[in-house]
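Novice: One structure follows; several queries about it will come next.
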Amino acid sequence: MILLFAFTTIIASYPYAESGMIYLGLGSARRWAVLRGAVMVILLWGAVQAVAVVFNIAALAIGIMAVTNLVAILALSSIVVTLARDFMAHRKAATVPEFQIRAHPSMAKGVEADIRA
């Protein structure tokens, strides 16, 4: 059972690391090799450690990821509220909900020009 847990955790977590690297603009071949090497080192380390140590480190890593996600959610909450109100206004008017950046100039700053059209 622990083998299945470990395998599924690796399968689920690795795409997060890749997506994060792409988002941060770190997607070069050399950096992919570093990521894969780090994953292999962590796998080997986890294979020789006690299960309790591995679980504690995994819990710490997941906790750090959760805190990071909560900070991002809080930072984006005003945008989400604005978008939800826009959506509900469209629904109440019985129109097809379509986001128009022109209706929300405060959001235009962070949106690429080809998306704003």
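Just so you know, all these numbers are worked out from the coordinates, no wet-lab data involved. Please read these numbers as outputs of a predicted model, since none were measured by experiment. Heads up, the Cβs are rebuilt from the backbone with ideal geometry, glycines too, and the neighbour counts pull from every protein chain shown.
Novice: With a Förster radius of 30 Å, plug the Cβ-Cβ distance of ILE57 and SER77 into 1/(1 + (r/R0)^6) and report the FRET value to the nearest 0.05.
Specialist: With a Förster radius of 30 Å, E is 0.45.
Novice: Taking the Cα centre of the chain as the origin and placing charges on Cβ (Lys, Arg +1; Asp, Glu -1), which of LEU70, GLY110, GLY27 is farthest toward the positive end of the dipole?
Specialist: Of LEU70, GLY110, GLY27, it is GLY110.
Novice: Then there is this: Calculate for the chain the 222 nm mean residue ellipticity that helices alone would give, adding -39,500 (n - 2.57) per DSSP H run of length 4 or more and normalising by residue count, nearest 500 deg cm²/dmol.
Specialist: It lands at -26000 deg cm²/dmol.
Novice: In debye, nearest 20, what is the charge dipole magnitude of the chain about its Cα centre with +1 on Lys and Arg Cβ and -1 on Asp and Glu Cβ, if you could check?
Specialist: The calculated dipole for the chain is roughly 180 debye.
Novice: Ok, one more. Quick one: if the Förster radius is 41 Å, what FRET efficiency do MET88 and ILE10 give, using the C-beta to C-beta distance and rounding to 0.05?
Specialist: After rounding to 0.05, the efficiency reads 0.50.
Novice: To continue, here is another question. With only alpha-carbon atoms in the gyration tensor, what are the semi-axes of the equivalent ellipsoid for the chain, in Å, largest first?
Specialist: Rounded to whole Å, the semi-axes are 41, 19, 13.
Novice: Calculate the spin-label point distance for GLU112 paired with PHE99, positioning each point 7 Å from the Cα along the beta-carbon direction, and give it in nanometres.
Specialist: Label-label distance for PHE99 and GLU112, simple model: 1.4 nm.
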